[in-house]
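For reference, the structure is listed below as structure tokens.
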Amino acid sequence: MARLIECVPNFSEGRNKEVVERIVDEIRRMEEVKLLDYSMDKDHNRSVVTFVGEPERVIEAAFNACRVASELIDMTKHQGGHPRMGATDVIPLIPISDVTEEECIEYSKRLAKRIGEELNIPVFLYEKSATSKERENLADIRRGQYEGMAEKLKDEKWKPDFGPDELNIKAGVTAVGVRPPLIAFNVNLGTNNVEIAKKIAKVVRAKTGGFTYCKAIGLEIKERNIVQVSMNMVDYTKTSLYRVFDTIEREAMRYGVNVIGSEIIGLVPMQALVDVADYYLRLENFSSDQILEKRIFE
């Protein structure tokens with residue numbers, strides 16, 4: 001079986017296609033690496049890239065993409081709806097086959113060290129790679145965003161794991177870590193009142209008493225004059241998409257607002273959508289082995 005890890009870096013650019021293409025080209029040209037998907041979001045001003053390959057090559061491709069992002073993206077001029085702290089905001093690594101979580105953590109440390117030393121960017125290790133409990137949650141690291149990072153880094157508690165102790169003014173700060181597969185799932189509401197989205201996000205968000213494996217924020221989608229509950233579903237096997245969607249729909253009704261659509265950013269495990277179909281269609285004795293494409297691929 002091939003040794004494979006997946007990498008899903010998030011870059012703070014979702015409006016300039018030329019910049020994003022130059023970043024993605026660093027991944028395309030790497031041998032033994034397969035670019036699976038990339039998407040740009042103008043309102044979030046953010047791009048999410050997904051690629052997979054042999055671990056050494058994936059780490060090299062991730063570093064090269066981060067280097068180009070640091071050259072082309074100026075965080076002093078960045079504005080967007082999604083929380084962010086750096087040109088390359090976060091680089092998650094996910095073990096796929098024949099690579100242990102422990103091995104993947106070592107790869108994350110190698111990548112973080114190189115970004116810190118060669119690109120002069122402060123780097124935090126997060127999730128499974130975190131060096132302390134306080135650094136496991138990306139939201140805690142990112143709190144304050146780019147604008148607050150210069151002051152935050154002065155606190156000894158927030159000394160970066162690698163790189164300089166001071167903010168890289170142009171490139172900001174980057175987080176690198178190992179995590180399970182994550183689903184970026186957004187639900188759009190038929191209103192422009194962002195306070196409603198924020199209140200609903202608070203209901204479903206784990207940290208404020210919602211679903212254990214759900215991270216959520218309320219955002220404006222100005223281009224469409226609507227708002228959105230933007231979520232990271234960090235373990236869909238324990239907190240399903242349909243449970244969260246149902247809750248958001250019921251909460252929206254309390255405010256006289258309709259859910260007008262939802263979206264998945266990047267790639268999604270097939271089983272997550274099979275679970276949704278099973279739930280809403282009330283399938284009896286259904287098995288994922290009944291999926292045509294799954295059997296063909298096997």
Of Asp74, Asp165, which residue is loosely packed, with under 14 Cβ neighbours inside 10 Å and at pLDDT 95 or above? Asp165
What are the pairs, 6+ residues apart or on separate chains, where a residue within the range 245-264 that is in a strand (DSSP E or B) has its Cβ under 8 Å from a residue that is surrounded by 18 or more Cβ atoms within 10 Å (Cβ to Cβ) and β-branched (Val, Ile, Thr)? Val259/Val187; Val259/Ile248; Ile260/Ile226; Gly261/Val187; Ser262/Val187; Ile264/Ile183
Anything in the range 79-108 that is part of a helix (DSSP H, G or I) and touching a residue at least 60 places away in the same chain (Cβ under 8 Å)? List them, or say none. Glu101, Cys104, Ile105, Tyr107, Ser108
Only one of these is surrounded by fewer than 19 Cβ atoms within 10 Å (Cβ to Cβ) and of a type outside the set (Val, Ile, Thr): Glu220, Glu251. Name it. Glu220
So Lys198 passes all but one of these: (1) outside any helix (DSSP H, G or I); (2) surrounded by fewer than 20 Cβ atoms within 10 Å (Cβ to Cβ). Which condition number does it fail? (1)
Among the residues of the range 184-192, is any farther than 27 Å from Glu71 by Cβ, in a helix (DSSP H, G or I) and of a type outside the set (Phe, Trp, Tyr)? no
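The values are calculated or read from the model by the stated rules, or taken from the named source; none is laboratory data. Owing to the predicted nature of the structure, the values given are computational and were not obtained by experimental measurement. Don't worry about glycine lacking a Cβ; one is built from the backbone with ideal geometry, like all the others, and counts go over all protein chains shown.
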